[in-house]
1. Among residues belonging to the stretch 121-137 that are closer than 11 Å to residue 71 by Cα and open to solvent by 30 Å² or more (accessible area, probe 1.4 Å), point out the one that is modelled with the lowest pLDDT.
2. Please indicate, with yes or no, whether at least one residue in the stretch 219-230 is more than 26 Å from residue 85 (Cβ to Cβ) and buried (at least 22 other Cβ atoms within 10 Å of the Cβ).
3. Collect the residues in the stretch 255-266 that are assigned to a strand (DSSP E or B) and open to solvent by less than 20 Å² (accessible area, probe 1.4 Å), keeping them in residue-number order.
4. Would you point out which residue out of 118, 172, 107, 140 is in contact with a Ser or Thr (Cβ under 8 Å, 6 or more places away or on another chain), at negative phi and at pLDDT 90 or above?
5. Does the stretch 294-302 include one or more residues that are among the small types (Gly, Ala, Ser), open to solvent by less than 50 Å² (accessible area, probe 1.4 Å) and in contact with a Gly (Cβ under 8 Å, 6 or more places away or on another chain)?
6. Quickly run through the stretch 263-310 and pick out the residues that are at pLDDT 85 or above and basic (Lys, Arg).
7. Could you look through the stretch 68-116, keep only residues that are within 20 Å of the chain's Cα centre (by Cα) and charged (D, E, K, R), and pick out the one that is least open to solvent (accessible area, probe 1.4 Å)?
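The values are calculated or read from the model by the stated rules, or taken from the named source; none is laboratory data. This structure is a prediction, so every number in the text was calculated from the model and none was measured. Cβ: placed from backbone, ideal geometry, glycine included. Neighbour counts: every protein chain shown. Just the protein is used for accessible areas: all its heavy atoms, side chains included, with ligands, DNA and RNA removed. Shrake-Rupley method; radii C 1.70, N 1.55, O 1.52, S 1.80 Å.
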Amino acid sequence: AEATPAEAAPAEATPAEAPKVEAAAAQAAVPMVEEAPKVEEAPKAETTNLAQQGAASEGLVGFVTGSVSLSAGGSTIVNSTVANTLMFVTPPTHNHDTPVVSRVGKVEQGFQVGLEQVPCFKKYQGNAHSGNEEMSYMIVSSGTIDLGEGKTLVAWSEEGISYTTKKVFRSVSFPKGVTFSSEPICVAQVQTNNNPGFIKTRMNVLKDKIEVRLDAAETGQYDSSSMKEPEKPETVGFLCVSDSGSILGHPIEAKKIKTDKNDETVQCGFDRALASIGTRNGMNSAQLRKNADGKFKLEEDKCQDNEEKHRDEMIHCIGF
């Protein structure tokens with residue numbers, strides 16, 4: 001069973017000093033699961049207001065949706081001609097028990113979408129993931145969109161998000177000029193492929209910032225020497241909304257739901273929904289899958305041990 005991390009106060013470093021905070025953490029004593037995650041401060045990101053640009057069509061806003069069906073290790077290209085866009089992918093379906101996560105990378109034609117399996121797949125009845133999993137996606141321009149009635153949607157990315165065994169979280173501010181009256185509903189997606197394999201994000205969404213880090217499989221015995229913990233930083237995309245609304249007539253539904261330790265599934269209530277773990281109550285690696293009944297399941301992998309239970313977390317859902 002995993003321990004609950006203590007509240008972690010943001011590091012007091014200035015943006016220029018931020019790399020030193022993480023470096024100092026890396027030199028600390030070997031971590032125990034009870035150690036509280038540290039938070040590294042980061043500078044504010046710039047953004048543009050798409051509404052002020054007079055965006056009046058899907059092409060200008062760069063709002064595109066679709067779906068893909070992939071097997072583990074497979075990938076496909078989704079064409080996107082609009083510049084400065086980000087891709088967000090729904091949690092994969094649960095047609096096979098071996099854990100998988102989606103990967104996204106920018107290519108000349110648009111985006112490459114892939115599906116990667118957990119590196120300890122032999123622990124799952126000795127089988128690698130087989131068959132296809134279905135995922136939907138949203139491609140949206142970086143910037144802010146006024147959804148009316150005081151509602152705001154903002155999409156942006158941050159470079160240099162890293163993975164460390166010491167659970168170091170980086171503190172990311174919302175883009176300049178963007179404020180929320182309460183904690184927004186946010187999802188995150190790794191946008192680059194600097195590291196191969198089973199890589200995702202963990203974040204803690206607050207009213208005035210997001211604490212985030214890369215997440216991988218639990219440290220343990222991997223089935224291939226080519227499968228290892230991520231060594232390079234990645235660019236992470238964020239999509240946050242204050243409340244439900246619409247983008248150029250496309251409904252956007254938003255909600256937060258807490259998992260229950262006796263039933264680690266949540267029902268967002270949307271046919272297509274982006275979803276991310278929005279809290280860091282449990283320190284172990286975790287990800288979401290979509291069950292046949294439409295519910296999202298919070299799962300841990302078995303790379304370190306056979307225990308798969310995870311502490312209750314708040315799941316952030318954005319339906320489209």
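1. Looking at residues that are closer than 11 Å to residue 71 by Cα and open to solvent by 30 Å² or more (accessible area, probe 1.4 Å), I get 128.
2. no
3. As a first pass, look at the stretch 255-266 and keep what is assigned to a strand (DSSP E or B): 255-258, 260, 263, 265-266.
266 - this is the single residue of the stretch 255-266 that is assigned to a strand (DSSP E or B) and open to solvent by less than 20 Å² (accessible area, probe 1.4 Å).
4. 140
5. Taking every residue of the stretch 294-302 in turn, none turns out to be among the small types (Gly, Ala, Ser), open to solvent by less than 50 Å² (accessible area, probe 1.4 Å) and in contact with a Gly (Cβ under 8 Å, 6 or more places away or on another chain).
6. 272, 280, 289, 290, 295, 297
7. Among those that are within 20 Å of the chain's Cα centre (by Cα) and charged (D, E, K, R), it is 103.
Here is a yes/no grid of residues against (1) under 22 Å from residue 242 (Cα atoms); (2) open to solvent by 20 Å² or more (accessible area, probe 1.4 Å); (3) charged (D, E, K, R); (4) under 15 Å from the mean Cα position of the chain (by Cα):
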{"position": "168", "(1), (2), (3), (4)": "no, no, no, no"}
{"position": "172", "(1), (2), (3), (4)": "yes, no, no, yes"}
{"position": "175", "(1), (2), (3), (4)": "yes, no, no, no"}
{"position": "183", "(1), (2), (3), (4)": "yes, yes, yes, no"}
{"position": "186", "(1), (2), (3), (4)": "yes, no, no, yes"}
{"position": "198", "(1), (2), (3), (4)": "no, no, no, yes"}
{"position": "202", "(1), (2), (3), (4)": "yes, no, yes, yes"}
{"position": "212", "(1), (2), (3), (4)": "yes, no, no, yes"}
